[in-house]
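These notes are about the structure you will find just below.
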Amino acid sequence: MHATIRRYEGVDAARTDEVAAKVNETLVPKLRELPGFAGYYLIEAGNGVLSSLGLFETSAQADESTKLVAKWITDENFGKAIPNAPKITSGKVVAHSNGLVAVA
């Protein structure tokens, strides 16, 4: 599994709810259609920072999601609400837990 973390700084705080609603309405369905999709999370960190975590089976699929998200920002006219390119961290997931505990 591969993860991509995108950190957006300088986000218009007055439009965070609008961005989050559109993510759920239009971005997540597009991401779900990508091969290898395993999950997506949007995090409101405050102080004009939004971060996202995308999970895919392969590195190439994760890279494709980054292209899709960049196009989505343009298509949804969020260039002013999200004025800066994200800081991206991407790589192979080497440890994880889903939080579920097996009962014997």
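The values are calculated or read from the model by the stated rules, or taken from the named source; none is laboratory data. This is a predicted model, so every value here is computed, not measured. Neighbour counts are summed over all protein chains in view; Cβ atoms, including those assigned to glycine, are modelled from backbone coordinates with ideal geometry. Surface accessibility is based on the protein's heavy atoms, side chains included, excluding ligands, DNA and RNA. Shrake-Rupley method; radii C 1.70, N 1.55, O 1.52, S 1.80 Å.
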Self-check item: Subset of the range 29-50 [open to solvent by less than 20 Å² (accessible area, probe 1.4 Å), within 17 Å of residue 68 (Cβ to Cβ) and out of contact with any Gly (no Cβ under 8 Å at 6 or more places or on another chain)]
Solution: 36, 50
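With the structure loaded, tell me whether residue 91 is open to solvent by less than 90 Å² (accessible area, probe 1.4 Å), out of contact with any Leu (no Cβ under 6 Å at 6 or more places or on another chain), touching a residue at least 24 places away in the same chain (Cβ under 8 Å) and over 22 Å from residue 1 (Cβ atoms) or whether it fails that test.
Values: open to solvent by less than 90 Å² (accessible area, probe 1.4 Å): yes; out of contact with any Leu (no Cβ under 6 Å at 6 or more places or on another chain): yes; touching a residue at least 24 places away in the same chain (Cβ under 8 Å): yes; over 22 Å from residue 1 (Cβ atoms): no.
Spelling it out, it is not the case that residue 91 is open to solvent by less than 90 Å² (accessible area, probe 1.4 Å), out of contact with any Leu (no Cβ under 6 Å at 6 or more places or on another chain), touching a residue at least 24 places away in the same chain (Cβ under 8 Å) and over 22 Å from residue 1 (Cβ atoms).
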Exercise. Find all pairs meeting these conditions: Cβ atoms under 6 angstrom apart; at least six residues apart or on different chains; first residue within the range 33-44 and without any contact (Cβ under 8 Å) to a residue 12 or more places away in the chain and closer than 18 Å to residue 17 by Cβ; second residue open to solvent by less than 50 Å² (accessible area, probe 1.4 Å) and part of a strand (DSSP E or B).
Key: 43/51
